[in-house]
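Each remark here refers to the structure printed beneath this line.
What follows draws every value from the coordinates through simple rules; no lab data is involved. Since we're looking at a predicted model, the values are computed, not measured. A quick note on method: Cβ atoms are made from the backbone with ideal geometry, for glycine too, and the neighbour counts reach across all protein chains shown.
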Amino acid sequence: MTFVVLLMVVNWVLESFKWQYLARTLVSISIWEAIEAVFCGLTWAIFTPNRIGEYGGRVMFLPNRKRIHGVFAMAVGSFGQNVITNITGLLAALWFIYYFLNINTWLYLGIAVLAVAFLALLNIFYFNIKWLVGLLDRIRFLEKYRRFFDIMGRYSHRELLTVIGYSLARFFVFSFQYYLVIHLLIPELPFFQMMMTVIVFIFIQSAMPSLDLLDIGVRSFTAAHLFSYITNQQLAIIAAVSSIWLVNLIIPAALGSVFVLKLRFFDRTA
């Protein structure tokens, strides 16, 4: 469990490096400033639906005139993380459906084709995010805000690939956290089945509307149902998911409250 906590630090430090990398298009920030911003965002996130507050908390560490731009820069990072979650999650879901759900072969093939087509479009759209800027430009009432969302079109393919690299590293870290906790509680559970089910759980959880402070019940119910296909120890699964929720979200949010107190809302004019 000590190692799980250390991996929590690694996870959010990786996110801090990603934020520093994304923000450099706007302003140069140190890695410590990026860490402060990320943990402050986590504090705001747990009190808001779908972690919307994370955007506000993080960009408050940018100069006043760069904060709205920062929201769209952060959106690129979230997009990259979603690409990784969707790729791994849908592929794991196809495995899960094939082995545990008794559905018609043609229906399964249809689901597989749709999943692959969706992933292809998702990747094309991510690596051509300038298309999104172009679509927003066509909306007349948004024309005057172009200077804000235009930031998304400034990232090159190489920079977007780097963001994907940070996102993939984070995915490996928090997936490994789940492995460590579940293996600690249910050591006889096969590694491959466990990890594929964990990935499906992460995918489903990312798609569900949530409030971090209160969604432990939804997380526990989802995990218990999914893991019932490979183990009958639902209490252990609920304990594992609750532990990760506490370590990865609640503890960092509590730590971030220290940085919230340092916020200066109106004098970051550089």
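Ordering 34-44, 200-210, 171-181 by mean Cβ neighbour count within 10 Å, with the highest value first, yields 34-44, 171-181, 200-210. Shape descriptor for segment 22-79: Rg over Rh equals 0.94 (Cα atoms; Rh from the Kirkwood inverse mean 1/r).
Computed from the alpha carbon atoms alone, the convex hull of segment 66-183 holds 137 Å³ per residue. Site pair L101 and I31 shows an inter-label distance of 4.2 nm when each label is modelled 7 Å from Cα along Cα→Cβ. Rounded to the nearest 10 degrees, the angle from helix 105-127 to the longest Cα principal axis of the chain is 20 degrees. Among G110, G256, G217, the largest mean-square fluctuation in a Gaussian network model of the chain, built with springs joining Cα atoms closer than 10 Å, belongs to G110.
The angle separating the long axis of helix 31-45 from the principal Cα axis of greatest extent in the chain is about 70 degrees. When D215, D150 are arranged by Cβ crowding within 10 Å, least crowded first, meaning fewest neighbours, the order is D150, D215. Computed from backbone phi, the HN-Hα couplings of segment 68-77 come to 5, 4, x, 4, 6, 5, 5, 4, 5, x Hz, rounded to whole numbers (Karplus: 6.51 cos²θ - 1.76 cosθ + 1.60, θ = phi - 60°; Gly and Pro given as x).
Against the main long axis of the alpha-carbon atoms of the chain, helix 2-23 sits at an angle near 40°.
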